[in-house]
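The values are calculated or read from the model by the stated rules, or taken from the named source; none is laboratory data. Predicted, not measured: the structure shown is a model, and the values here were computed from it. All Cβ positions, glycine included, derive from the backbone under ideal geometry; neighbour counts span all protein chains shown. For accessibility, only protein heavy atoms count, side chains too; no ligands or nucleic acids. Shrake-Rupley method; radii C 1.70, N 1.55, O 1.52, S 1.80 Å.
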Amino acid sequence: QVQLVESGGGLVQPGGSLRLSCAASGIMLGINRMGWYRQAPGNQRELVAGITTYGITNYADSVKGRFTISRDNAKNTVYLQMNSLKPEDTAAYYCHMEVDWRNYWGQGTQVTVSS
């Protein structure tokens, strides 16, 4: 059974930075796409950033230039560096991985941007 464990959320002031991590564990052949999604209360879950096996990235327009997604294939880990955080970035953040052509989700980590 594959499990994704996230870390790095918390409370930060506007303009601050946070780094989220998500590590996969279990028996697996390979991880294809990795990504981060977020969901604020009353809103649908939305894609924040994604990264392919070959390192090709895509971002939501609202985070371009502020967030950076990266992956460490040796550690089965995906990261999200979030800079210049805004109150509207407040949400539960979920990592997603396509492992052996199956979709897996992390448990979610709360990011709150507030003064």
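Okay, here's what the table says:
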| quantity | calculated |
| --- | --- |
| The stretch 45-108, accessible surface, carbon-and-sulfur percent (1.4 angstrom probe) | 48 percent |
| Thr112/Gln3 FRET efficiency (R0 22 Å; Cβ-Cβ; nearest 0.05) | 0.30 |
| Accessible surface, per residue, of the chain when the full set of protein chains is kept, probe 1.4 Å, Å² | 54 Å² |
| Relative contact order computed over the chain (Cα-Cα under 8 Å; 6+ residues apart), in percent | 37 percent |
| Neighbourhood charge, 13 Å Cβ-Cβ cut-off, centred on Ser17 and excluding it, Lys, Arg +1 and Asp, Glu -1 | +2 |
| Estimated inter-spin distance, Gln13 and Ser70, nm [label 7 Å along Cα→Cβ] | 2.6 nm |
